[in-house]
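The values are calculated or read from the model by the stated rules, or taken from the named source; none is laboratory data. The model shown is predicted, which means the values in this text are computed figures rather than measured ones. Neighbour counts are summed over all protein chains in view; Cβ atoms, including those assigned to glycine, are modelled from backbone coordinates with ideal geometry.
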Amino acid sequence: MKYCNDLKSQLIVLVPLLLVSMLVTAHDPKEHAKETEAPQCEALASMDQSEIDENDPVMQAVYAKCRQAMAEGHHGEGHAKDPNENKSAHTEKDAHAHEDDDLRDRG
Amino acid sequence: MQVFKSLLITGLIVFVSASAFIFSGWYPIGADDQHTAVVYWALETLRERSVEHASKDLVVPALNDSKLLLLGGPDYNEMCAGCHLKPGRSESDMSLGLYPVPPDLTVSHGQHSEDHAGPAQRFWVIKHGIKASGMPAWGLTHDDQRIWAMVAFIQKLPELTPLQYQILTARTSGDTVHDH
């Protein structure tokens, strides 16, 4: 009986501690994401396109980030301005192609 | 026997002197009070040799990957830029107040004599930190993939323009942590 009481006391202490310890895990990066500003992709237009090396991983990453930001911007507008919205042939690949062309044409 | 006694007495004197020095509190420990040149050299050499030794067997993956830059950029901006700076910013409260001074990672090796670390050394330092320096061990909360992504970003950081830096480090709602 005394043993059961001791075990019960230990469980009362250990179970909450175990639950708290489970909160200590590798965290989602969004936990320390500050109030970040959106990528300033419009400013890419001021860059000299002739000097851009498209094999440069930096520029590849910049374009990829801007494509992603633009895609999120289109989603936010509800596709209202997408002229290809009702065309069944419109695919995600086409959307990326449009966004790439748009980024380049702005130069 | 006499030699043994002499060594023992010498050792005892050194031990007592060292203990007195430590417990006296005489040595200034403030970050705004720099070490003497000899002490600084000894600590810096110890640190660099230790990191070189610990990281010598690390296998560096291919870092010239745009996906790694996209993964490492936001983490660098949020976790590192406060001390190690970013394009267009030459100092911060942390970079001015910490001692030893955190290396400015926006300048290339040729310009910053205190930072000659290669990618393997950088990975090790990010993962394990540096004792008593203000550099935390990020490996306790970040896996190797994310740390290698930060290394890849740091390798490119000196050549980034402020615009490229801003775009690469901005977080979009689509940012996710890749599964490993």
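For B:S92, all conditions in the list (1) of a type in the set (G, A, S); (2) surrounded by 15 or more Cβ atoms within 10 Å (Cβ to Cβ); (3) in contact with a Pro (Cβ under 6 Å, 6 or more places away or on another chain) hold save one; what is the number of the exception?
Of the numbered conditions (1) of a type in the set (G, A, S); (2) surrounded by 15 or more Cβ atoms within 10 Å (Cβ to Cβ); (3) in contact with a Pro (Cβ under 6 Å, 6 or more places away or on another chain), the odd one out for B:S92 is (3).
What residue, of B:A54, B:A81, B:A37, B:A31, is touching a Gly at 6+ places or on another chain (Cβ under 8 Å) and of a type outside the set (D, E)? I'd like the intermediate steps shown before the answer.
Values: B:A54 fails: touching a Gly at 6+ places or on another chain (Cβ under 8 Å); B:A81 fails: touching a Gly at 6+ places or on another chain (Cβ under 8 Å); B:A37 fails: touching a Gly at 6+ places or on another chain (Cβ under 8 Å).
Only one candidate passes the filter, namely B:A31.
Show me the helices (runs of 4 or more DSSP H) entirely contained within region B:1-104 in which 1 or more residues are of a type in the set (A, V, I, L, M, F, W, C) and over 21 Å from B:L160 (Cβ atoms). Break it down into steps so the answer makes sense when it comes.
Details: elements: B:2-24, B:37-55, B:66-79, B:81-84, B:93-97.
The qualifying helices (runs of 4 or more DSSP H) are B:2-24, B:37-55, B:93-97.
Quick one: in region A:44-65, which of the residues that are modelled with pLDDT under 90 and surrounded by 13 or more Cβ atoms within 10 Å (Cβ to Cβ) is nearest to the chain's Cα centre (by Cα)? Spell out the reasoning first.
Taking region A:44-65 and keeping what is modelled with pLDDT under 90, we get A:44-55.
With the extra rule that they be surrounded by 13 or more Cβ atoms within 10 Å (Cβ to Cβ), the set shrinks to A:44, A:47, A:49, A:52.
Values: A:L44: 20, A:M47: 25, A:Q49: 26, A:I52: 25 Å.
Residue satisfying both the conditions and the ranking: A:L44.
What residue, of B:V107, B:V59, is of a type in the set (V, I, T) and either within 14 Å of chain A (Cβ to nearest Cβ) or over 19 Å from B:A149 (Cβ atoms) (or both)? Working first, answer last.
Values: B:V59 fails: either within 14 Å of chain A (Cβ to nearest Cβ) or over 19 Å from B:A149 (Cβ atoms) (or both).
Just a single option satisfies the conditions, and that option is B:V107.
This table checks each residue for (1) within 27 Å of A:P39 (Cβ to Cβ); (2) in contact with a Ser or Thr (Cβ under 9 Å, 6 or more places away or on another chain); (3) within 12 Å of chain A (Cβ to nearest Cβ); (4) modelled with pLDDT under 95.
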position	(1), (2), (3), (4)
B:S113	no, no, no, yes
B:Q121	no, yes, no, no
B:P136	no, no, no, no
B:R171	yes, yes, yes, yes
B:D175	yes, no, yes, yes
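Between a residue in region B:10-34 that is loosely packed, with under 10 Cβ neighbours inside 10 Å and any residue that is of a type outside the set (K, R), which pairs come within a Cβ distance under 8 Å, given they are 6 or more apart or on different chains?
B:D32/B:G97; B:D32/B:Y99
Restricting to region B:61-110, count the residues that are in contact (Cβ under 8 Å) with a residue 40 or more places away in the chain and polar (S, T, N, Q).
4
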